[in-house]
Every structure is written in C-alpha cells, then in structure tokens.
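Let me begin by presenting the structure, written as structure tokens, before commenting on it.
The values are calculated or read from the model by the stated rules, or taken from the named source; none is laboratory data. Bear in mind the structure is a predicted one, so any value in this text is a computation, not a measurement. We place every Cβ from the backbone using ideal geometry, glycine too, and count neighbours over all the protein chains shown.
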Amino acid sequence: MELECANIDDLLFALYERLLDSGLKHDGGSRGPSTELLGVTLRLTNPRARISRSEDRGRPFSAIGELLWYLKKSDRLDFILPYIKRYEEDAVDGILPGAYGPRLFGMHGQHDQIANVIELLSKSPGSRRAVIQLFDASDIAVRKSEIPCTTTLQFHIRDGLLHMSVMMRSNDAYFGLPHDVFCFTMLQEMMTRRLGLDLGHYIHHAGSMHFYDEFADRLARYMGEGFQRPIEMGRMPDGDPFALIPKLLAAEAVIRSGGSVVADGVAGPGYWADFIRLVQVFWASRRGEPLDDLKREFFDPMYRVYLEGRRAVGEQALSALPQAGAA
C-alpha cells in the first residue's frame, strides 16, 4: 500500500483511515495487541510540512528534544526523559541500547555514517550506496528490551534534489510516526544544506505499520478533529547546519539548567533562533514561567500556536507549586 500527500496531517489522516478500515488484529507484538498493515509506503512530497496542526498531534517540542538527542550522539535516558517519558520503559541502567545518535555518528564506536554519506555523495552524486544502517545484526543475536525500529536511511540525488528513503521494521503509527517524520526530514534538510542541494521527497517504508489497541481512542480523537490548514517550516538557511550543532546543544543545556539564552545571539536571527525559542518554550512551560515574551520574539509566527498549546502545561506546573500561606 502506498500513500502520497504534501503534508503530515493529510498523510496521517489517510493512513489512520486505512488502518481503521483494513488493518488486521495482531496479538504477537512485544507491547500488546495492535492493529496493523504490512508493507506500507508513505511519500511526503513537501518534507518541510513536517509538523502537525492538530491539537492532538501538533507537539513539536518532544520531536525537537528527540532530534537534539540524536545530534548529541547520546544514548542516555536523562537527556531524553523530560521530552519523552515513555523511553523510561525501555532504559537499562539509564541507557537506551537502541538509541539512534551513537549509531548515526559512531556505529560500532567508529563509523560516522552521516559524515561518510556526505563525503560519498559529494564525490559520487549519482551513487546508490548512500545508506545509513541503524539496525545491526547484533540486535537480534540476543534478547534485548529495546532495539531500533528503523533499519536504514538511504539518500538519492536526482536532478539537484536530495530524496530520502527510510525503512522501518516496525512503526507505531500514533506515537512514533510523527516523531520519525520530523526527525528524519530535519536530517534530510540538514544534508541538503550541507551538500548545496534542494529538498526532494521523503519516502517512508514500514514492514509493520500499526497502532496499539490501548490507544485506539486517542487515534479516533485525532480523526475527529478533521482537517487543519496545512503549514510548513521555513526553508533551512544555506550553509552547514552540522557546524551549528555544538551551539544548539550548549544552548539547550543552559536552558535546561534554568539559565538565560539570547536565541539570536546563538544562531543569528531567523530559523535556528526560533528552533532555540521552541526549546525555551518547552522548559519555561515545565517550570511554570511566563511565555508572552517568547511569543513576541518568534521570527516565524507559525510557532506561536504551539506556544499557546504549552500554556496549559505551564498552568499545571504553577498549580502544583505550594501556595503562599499553605500548610
């Protein structure tokens, strides 16, 4: 089955309809009963339209946290836990054995696969060998609590466009897929900027595309919202975004610790400064801090709607604090 759409919401809506109409029950998975389709291909023709406008799925903050976790080359739970609590279920002594960052940038402790693919495509633009391997033979040699759902990432340059194909052995359509699309298309666009290319299609294959039955009501709630006006992130600036990674990670560390960061001073005004501001919104809302100043600072007004979605988190954080005069 193949679905092609221009934005993430249209793609999710079409996929969820197919899963609900044609999905088959499967009780043999490691995380409980699910409804699945085998052999699903999704094609996103505009990878910048990677963030949902849905009230239910429009949560870029956890996806940004996961992308930064990849870029940090980290497998530690303590970094990702504030952004995605569910990873706690899979950690072993504070480590996620299947974390993507170390595999992307240091497979077997030595292969920087991102750098290798950039070098390969710089020298041989027409190559079909630009493949990054995330799933390793050792992952099923012994029983592990958590292994990568993604098997490979492949890049093709055609007519000045960089296309990306991702192969998943297993894909949670409700929780995992929106994050996968965000993180992988961000990596795709980072590669285009590094290679001086334009952005092509994002193609996503899944051996098993499914949703877990315990979350069927949430999926139905998303479907009940109806269609939203599609939006897209702005074009990533020219230059090498990989050179910015240390600055982005340093800014995240300061923000996480409660320190102050001037986003424009870290990355210059515009795209990457807004990226940092989204991190600031996430942590400020967790601490119950006001968000109005950050709202005014956004270069791209599209992010203000997501800030408003975090206000409830901030209000809950404030209500949990001891009140003056309380016993």
* Would you confirm whether any residue within the stretch 236-243 is in contact with an Asp or Glu (Cβ under 6 Å, 6 or more places away or on another chain), more than 26 Å from LEU15 (Cα to Cα) and at pLDDT 95 or above? => yes
* Asked: What residue, of LEU104, LEU81, is of a type outside the set (Gly, Ala, Ser), under 17 Å from the mean Cα position of the chain (by Cα) and under 28 Å from LEU197 (Cα atoms)?
  -> LEU104
* **Residue among ARG128, ARG86, ARG50, ARG43 that alone is assigned to a loop (DSSP other than H, G, I, E, B), within 26 Å of ARG218 (Cα to Cα), in contact (Cβ under 8 Å) with a residue 12 or more places away in the chain and not aliphatic (A, V, I, L, M)** => ARG50
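This table checks each residue for (1) of a type in the set (Phe, Trp, Tyr); (2) surrounded by fewer than 21 Cβ atoms within 10 Å (Cβ to Cβ); (3) touching a Ser or Thr at 6+ places or on another chain (Cβ under 6 Å).
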{"site": "MET1", "(1), (2), (3)": "no, yes, no"}
{"site": "ALA14", "(1), (2), (3)": "no, yes, no"}
{"site": "ARG18", "(1), (2), (3)": "no, yes, no"}
{"site": "LEU24", "(1), (2), (3)": "no, yes, no"}
{"site": "SER30", "(1), (2), (3)": "no, yes, no"}
{"site": "GLU36", "(1), (2), (3)": "no, no, yes"}
{"site": "LEU44", "(1), (2), (3)": "no, no, no"}
{"site": "ARG53", "(1), (2), (3)": "no, yes, no"}
* To do: Select the helices (runs of 4 or more DSSP H) contained entirely in the stretch 173-263, then report the ones holding at least 3 residues which are assigned by TED's automatic domain parsing to the domain that holds ILE132 and out of contact with any Ser or Thr (no Cβ under 8 Å at 6 or more places or on another chain).
  => 176-195, 216-225
* Asked: Is it the case that LEU68 is among the hydrophobic types (A, V, I, L, M, F, W, C) and closer than 18 Å to VAL181 by Cα?
  -> yes
* To do: Select from the stretch 177-200 the residues that are among the polar types (S, T, N, Q) and under 14 Å from the mean Cα position of the chain (by Cα) and write down the one among them that is nearest to LEU244 (Cα to Cα).
  => GLN188
* To do: Please state which of the following conditions PHE61 fails to meet, knowing it meets all the rest: (1) over 26 Å from ALA6 (Cβ atoms); (2) in contact with a helix residue (DSSP H, G or I) (Cβ under 6 Å, 6 or more places away or on another chain); (3) part of a helix (DSSP H, G or I).
  => (1)
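Let's see how each residue does on (1) in contact (Cβ under 8 Å) with a residue 24 or more places away in the chain; (2) crowded, with 19+ Cβ neighbours inside 10 Å; (3) among the hydrophobic types (A, V, I, L, M, F, W, C):
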{"residue": "LEU104", "(1), (2), (3)": "yes, yes, yes"}
{"residue": "ALA115", "(1), (2), (3)": "no, no, yes"}
{"residue": "LEU120", "(1), (2), (3)": "no, no, yes"}
{"residue": "SER138", "(1), (2), (3)": "no, no, no"}
{"residue": "GLY160", "(1), (2), (3)": "yes, no, no"}
{"residue": "LEU177", "(1), (2), (3)": "yes, yes, yes"}
{"residue": "THR185", "(1), (2), (3)": "yes, yes, no"}
* Pick from LEU37, LEU104, LEU71: which is closer than 17 Å to ASP172 by Cβ and either assigned by TED's automatic domain parsing to the domain that holds THR192 or at pLDDT 95 or above (or both)? -> LEU37
* Structure fact -> Selection from the stretch 1-23 of residues assigned to a helix (DSSP H, G or I) and either over 17 Å from PRO178 (Cα atoms) or hydrophobic (A, V, I, L, M, F, W, C) (or both) yields ILE8, LEU11, LEU12, PHE13, ALA14, LEU15, LEU19, LEU20, ASP21, SER22
